[in-house]
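A.B. asks: One structure, as structure tokens, below. Some questions next.
Bear in mind that the values in this text are calculations on the coordinates, not laboratory data. As the structure is a computational prediction, the values presented were derived from the model and not from experiment.
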Amino acid sequence: MAGSAAYMGKPEATGEAILQLLAAETPPLRLLLGAMPLRMIEPTYQQRLTTWKEWQPVAEKAQG
């Protein structure tokens with residue numbers, strides 16, 4: 001439902017999330033706001049993790 005009020009969310013909710021982030025004892029370096037961003041990027045990061053795991057033996061050789 002792109003463009004609908006439900007899809008766009010409530011601007012005041014963003015402010016509340018940012019305040020919670022600022023008050024956190026150990027805040028994340030990055031915070032994905034909303035329901036969609038994580039679903040959109042998760043496959044990409046899973047692929048990156050898979051690639052890094054495949055190449056881990058080579059990476060360990062680089063340590064000497």
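A.B. asks: Once both axes come from the Cα atoms, what is the angle between helix 11-23 and the longest principal axis of the chain, in degrees from 0 to 90, rounded to 10?
C.D. replies: 50 degrees
A.B. asks: Per residue and in Å³, how big is the convex hull formed by the alpha-carbon atoms of the chain?
C.D. replies: Values: hull volume 6.8 nm³, N = 64.
That works out to 107 Å³ per residue.
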